[in-house]
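Written out below as structure tokens is the structure these notes cover.
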Amino acid sequence: MAALLLSGCGIPAPAAHSGSASSSLTPALTPGSAGTEAPRGAVALLADGSARQNLPLFRAVTERVWASSHRAEGRAYVDALVKAGFAKSAMQVTNDRSTVGNPAESIQFSVRWKDGQCLVGQVGPATGDPVTVVVAGLPGGKCLIGDTRPITW
């Protein structure tokens, strides 16, 4: 969580979830799917639900991509979240590489939900296990502060 604050994302300290902790809300993931589709199991996108109600799916998708060979690619998280039913137009993602071309120490990605809340994930070597939280959205409709990359694919 400290890495989120230091990275300029300005995320307060709501209830966070570390991927290493067991949760009754996290479904059993289908082996071999590597973030390419929505997780099968106990969670699904709740289009009429709140950001908090959709956190279990957001978390499951994040953990699945983190467990794949694409764990350091922001696009992999965006693509997997889209396949799970989240709107790409409501997403932000930070760069995979630093300004000098090194792999990013952490990647943040978010989905702005209809209720004004944001589902935010952070992954990377500086983060350890994936972190997923729900936080209040920022004025102007954004979730992340600082430089984000265009999602043009």
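The values are calculated or read from the model by the stated rules, or taken from the named source; none is laboratory data. Just so you know, these numbers come straight off a predicted model, no measurement behind them. Backbone-built Cβ (ideal geometry, glycine too); neighbour counts: all protein chains shown.
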ask   = Just to be sure, is residue 79 out of contact with any strand residue (DSSP E or B) (no Cβ under 9 Å at 6 or more places or on another chain) and either under 15 Å from residue 96 (Cα atoms) or of a type in the set (Ser, Thr, Tyr) (or both)?
value = yes
message = Looking at segment 65-88 only, could you name the residues that are surrounded by fewer than 24 Cβ atoms within 10 Å (Cβ to Cβ), in contact with a helix residue (DSSP H, G or I) (Cβ under 7 Å, 6 or more places away or on another chain) and within 23 Å of residue 49 (Cα to Cα)?
response = 78, 82, 84, 88
message = Being closer than 21 Å to residue 57 by Cα and of a type outside the set (Lys, Arg) is the filter here; which residues of segment 130-150 pass it?
response = 130, 131, 132, 133, 134, 135, 136, 137, 143, 144
task = Among the candidates 72, 80, single out the residue that is assigned to a loop (DSSP other than H, G, I, E, B) and of a type in the set (A, V, I, L, M).
result = 72
inquiry  = Scan segment 4-20 and tell me whether some residue there is in a helix (DSSP H, G or I) and at pLDDT 95 or above.
reply    = no
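One line per residue, one yes/no per condition, for (1) more than 14 Å from the chain's Cα centre (by Cα); (2) not aliphatic (A, V, I, L, M):
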{"position": "43", "(1), (2)": "yes, no"}
{"position": "98", "(1), (2)": "yes, yes"}
{"position": "103", "(1), (2)": "yes, yes"}
{"position": "117", "(1), (2)": "no, yes"}
{"position": "123", "(1), (2)": "no, no"}
{"position": "127", "(1), (2)": "no, yes"}
{"position": "143", "(1), (2)": "no, yes"}
{"position": "150", "(1), (2)": "yes, yes"}
request  = Go through segment 58-78 and give me each residue that's in contact with a His (Cβ under 9 Å, 6 or more places away or on another chain) and over 16 Å from residue 134 (Cβ atoms).
outcome  = 76, 77
note = Reported set for segment 50-68 where residues are of a type in the set (Ser, Thr, Tyr) and without any contact (Cβ under 8 Å) to a residue 60 or more places away in the chain is 68
query = Condition test on residue 62, is it of a type in the set (Ser, Thr, Tyr) and at pLDDT below 95?
reply = no
request  = Look through segment 139-153, keep the residues that are in contact with a strand residue (DSSP E or B) (Cβ under 8 Å, 6 or more places away or on another chain) and under 24 Å from residue 98 (Cβ atoms), and return whichever of them is surrounded by the most Cβ atoms within 10 Å (Cβ to Cβ).
outcome  = 143
ask   = Of these, 92, 122, 53, which one is modelled with pLDDT of 95 or more and in a helix (DSSP H, G or I)?
value = 53
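Quick one: in segment 89-113, which of the residues that are surrounded by fewer than 21 Cβ atoms within 10 Å (Cβ to Cβ) and in contact (Cβ under 8 Å) with a residue 12 or more places away in the chain is farthest from residue 51 (Cα to Cα)?
The qualifying residue farthest from residue 51 (Cα to Cα) is 103.
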